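S.K.: Mind looking over this structure? Questions follow.
The values are calculated or read from the model by the stated rules, or taken from the named source; none is laboratory data. Just so it is clear, the model here is predicted, and its values are computed rather than measured. Neighbour counts are summed over all protein chains in view; Cβ atoms, including those assigned to glycine, are modelled from backbone coordinates with ideal geometry. Quick note on the areas: whole protein, heavy atoms, side chains included, nothing else; ligands and nucleic acids left out. Shrake-Rupley method; radii C 1.70, N 1.55, O 1.52, S 1.80 Å.
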Amino acid sequence: MSMAVDMSSKQPTKDFFSSPALSLSLAGIFRNASSGSTNPEEDFLGRRVVDDEDRTVEMSSENSGPTRSRSEEDLEGEDHDDEEEEEEDGAAGNKGTNKRKRKKYHRHTTDQIRHMEALFKETPHPDEKQRQQLSKQLGLAPRQVKFWFQNRRTQIKAIQERHENSLLKAELEKLREENKAMRESFSKANSSCPNCGGGPDDLHLENSKLKAELDKLRAALGRTPYPLQASCSDDQEHRLGSLDFYTGVFALEKSRIAEISNRATLELQKMATSGEPMWLRSVETGREILNYDEYLKEFPQAQASSFPGRKTIEASRDAGIVFMDAHKLAQSFMDVGQWKEIFACLISKAATVDVIRQGEGPSRIDGAIQLMFGEMQLLTPVVPTREVYFVRSCRQLSPEKWAIVDVSVSVEDSNTEKEASLLKCRKLPSGCIIEDTSNGHSKVTWVEHLDVSASTVQPLFRSLVNTGLAFGARHWVATLQLHCERLVFFMATNVPTKDSLGVTTLAGRKSVLKMAQRMTQSFYRAIAASSYHQWTKITTKTGQDMRVSSRKNLHDPGEPTGVIVCASSSLWLPVSPALLFDFFRDEARRHEWDALSNGAHVQSIANLSKGQDRGNSVAIQTVKSREKSIWVLQDSSTNSYESVVVYAPVDINTTQLVLAGHDPSNIQILPSGFSIIPDGVESRPLVITSTQDDRNSQGGSLLTLALQTLINPSPAAKLNMESVESVTNLVSVTLHNIKRSLQIEDC
C-alpha cells in the first residue's frame, strides 16, 4: 500500500528534464509536492477518521472558537485517548462554570508507526488476533491499533478518489474546449456543422445521445458523471454511431443474449479441443491453421452472421501453462481492471459497458454475462488499433475447468451495412478454456477468432498482421504467462540473493518492481496508435519516416507536468529478436547506442529477477561521466512473442528511498524504450544470428524505438518545431548507432 514519503529536502535540479542530456529516456524528473498532505491518519480534508463507515471527528484547537482541521504534521502518529479533560471557559460574566470537554491525543512513536506500516503493507485489514498481538508488541491499546488502520485505509481511498476526480475534470475541460471550438465553427458556417453537415437540432441530438452514453459508461466504471458537452467531430461521430448501435443490444431480451453466449461456449469448446481436419498444422511454420471449409460445415450459422464486404478472417489457437489457479484466473478475466492490467501491452482501453447477468457461486462469476469494450493495440504507432464490442461470459464447466467466452452480438433487423461500417472488428466465438493442473498452475487453451474489415497496413507490418500473428492466440497466451510469472516473483518471500542483487530487504525489492511495472505500462500507453494520442508523420532529412505526438500533462502525478513530446520510428533489421534484445539490455554496450552517454561508464547498482528467463529482470544502473552521475531504471521483459526494454533516468535521492522500501506511486517517470517482435516471415534467412540462443532462429526483427522528453514544464506552452527536431534528430542518431554497432547496412 502507499507510504507517504517527505522528499521536500531532496529536490532535483530545475533543469533535470529539460537538460540537453536528453539520453536515457529524456526525462525523469522528480518534483514532489512537498507541501502536500501526507499523514496516513487523516482524510483528504484534514479530518481524523475513526471508523470504516466514513464517520469523522473534527478536532477543536486549544483556543476556543470554531472547529478547525488540524494540519497533518500536528496529527502525525496521534491517536485518541479514552481519558478526557475539562477546561474552564474563563469568559467574564458567565453564570456558573461552563465546562468544555476536549480529546487528549497520543502521539505514536516512530518505531510504532514503522511496525504498523509494515503490517499494513502485508494486510490492510488485520484480524482481531493480529491487532491484539501488535498492540502487545507496541504497548498500545487494541482500539488504538484498530483506529490507526481504519484511518490509514480511508486516507489511501481519499487519495485515489482525488486522483480519479482530477483526471475526469481534465477530460471534462478538454471536451468543453472542443465544444467551444465547434460552436464557433458552427456559427461561422451559417448554422451548419462543418464535419457532418447537420443543423442545430442534429447537433443537440448528437450531444444528448453522446452525453447519455458517456454517463452510462462512467456509471459502469463506478465514477461520478460530470455534465458533458461534446462536438460532432468525425472521430466522435464514429464512436457515437458505435455506441448508438450497441444500445440495441440492451433491447434484446436477456434470455436471447444468454442463448447466444451458450452457443458461443459450445463452439469455443469444440474449437479448443478439435484436431484434424478442423485444425491443420503448417509444415513450414509449425503453427495451427483453421480449415475454414471444415469450420463452416461444423458451424453453418457462421456464414449467415458474417458482414458483407469483409475480406479477412483471423483464426488462431495456442496453449500454455500459467502460474495461477483456474478460479483466480477466471475472476481476473471478469474484472475489467485486472484484465486490462494483465494485457497492458495489448489493450489500451477497456470498459464494462453493462452487466447483462450476475454470476452465481461465492465469487459470483459462474454464469456471469457482461457487455464489454476493448481497444487492442500493437506496440507501434504505425499499426491502427482495433476497437471491438463484445459479450463476455464465464462458465464453470467442471470443478477443475472454466471457460471465458467472447462473442460480438449482432442486433436482429439492424442495418447490416451500417453495422459493418461502424464496427470494423468483431469477435466470433473466442476466448480460453482454463483447467487446473497442480500446485497452483493452470493450462490455458486460447482460441482467437476475428472477423476484420479490410484495411491498409504499412508494408513493414503487413505480413505480421495478415498472418494473424499480431493479435493472435500466441500473443495473448505469451502475455498472460509473462504477467503471471512476474506476479509470482513479486509475491515471493524466499528470493535467492543472486536474484536480488543490490537490494537488501523484501520491501525494497517489491517497491523497485512496482516502480518498474508502472514505468513499463506508461511506455505502453505512449508508444501505441491508441486514440489517446494523435500521431503526425514526419520524414527526416535522412529520409527516415517517424511519428511524433505531443501531450500536456496536468494531473498525472506519475509523470512530469508540462508539454511532453514522443518521437517514434519502426524499422526491420536482419537480426534475430533474441540477439537484439540481449544487445539493448547489456549494460556494457549501452554506450554503443545511447547517443548522449558519450562513452560514459555504466555499472549496475541493483539487478532483480522477475521471471525464469534471465532476460526478465529489473536493473538500476549508474552512468558516470566527468560532469555528473545519473541513475537509470531499466525494465526488460521477453516471451515467445515479443521483447521490450524500457528505461528512464531517475532521481538518485528518491530512488534510494525506494530501495529502502518506500512507496514509488507518485514518483515522476518519463520512460523511453524499444519494442522487438518477429517480422512474421519465418522462412526468411538470417543475416546475423545469436550463437548462444536458438530462440527465433529464423526471421528478422521489427524494432520500434520511442523517445520521450519534457520540452516545457508549463502546460500552457506552445509546441515549436525546434523542440520536435531535437527529439527526432536524437531518434535518428540512436538508430544509426544501433546499425553501426550490429554492422548492418541501411535497409
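S.K.: Would you list Ile159, Ile677 from the most to the least accessible area, probe 1.4 Å?
M.R.: Ile159, Ile677
S.K.: Round to the nearest 10 and report in Å² the accessible area of His601, as given by a 1.4 Å probe over the protein chains' heavy atoms.
M.R.: For His601, the solvent-accessible surface is approximately 110 Å².
S.K.: I'd like to check one number: the per residue accessible area of the stretch 524-632, probe 1.4 Å, reported in Å² as a whole number.
M.R.: With the other protein chains kept in place, the stretch 524-632 gives 42 Å² per residue.
S.K.: Then there is this: Multiply the residue separation of Glu128 and Thr505 by 0.36 nm, subtract the distance between their alpha-carbon atoms, and state the gained length in nm to one decimal.
M.R.: 133.0 nm
S.K.: Expressed as a whole percentage, what fraction of the accessible surface of the stretch 112-156 belongs to carbon and sulfur atoms when a 1.4 Å probe is rolled over the protein heavy atoms?
M.R.: The nonpolar share, carbon plus sulfur, comes to 50 percent.
S.K.: Please tell me the relative contact order of the stretch 576-682 in percent, rounded to the nearest whole number, where contacts are Cα pairs under 8 Å and at least six residues apart.
M.R.: With pairs under 8 Å counted, the relative contact order is 21 percent.
S.K.: Which value, in Å², gives the accessible area per residue of the stretch 462-518 when a 1.4 Å probe is used on the protein heavy atoms?
M.R.: On a per-residue basis, 41 Å².
S.K.: Please work out how much length the chain gains when fully extended from Leu280 to Lys514, using 0.36 nm per residue of separation minus the C-alpha to C-alpha distance, in nm with one decimal.
M.R.: Contour length minus the Cα-Cα distance gives 80.0 nm.
S.K.: Arrange the residues Asp111, Asp613, Asp679 by how much accessible surface each exposes, largest first, with a 1.4 angstrom probe.
M.R.: Most to least solvent-accessible, the answer reads Asp111, Asp613, Asp679.
S.K.: Oh, and also: List the pair-distance distribution P(r) of the stretch 112-156, using every Cα-Cα distance, as the percent of pairs falling in each 10 Å bin from 0 up to the bin containing the longest distance, rounded to whole percents.
M.R.: Spelled out per bin, shortest first, that is 30, 65, 5.
S.K.: Let me ask something additional. When Lys and Arg each count +1 and Asp and Glu each count -1, what net charge do the other residues less than 15 Å away from His327, Cβ to Cβ, add up to?
M.R.: Around His327, the charge tally is -2.
S.K.: I would also like to ask the following. Per residue, how much accessible area does the stretch 112-156 have with a 1.4 Å probe, in Å²?
M.R.: Ligands and nucleic acids excluded, the result is 49 Å² per residue.
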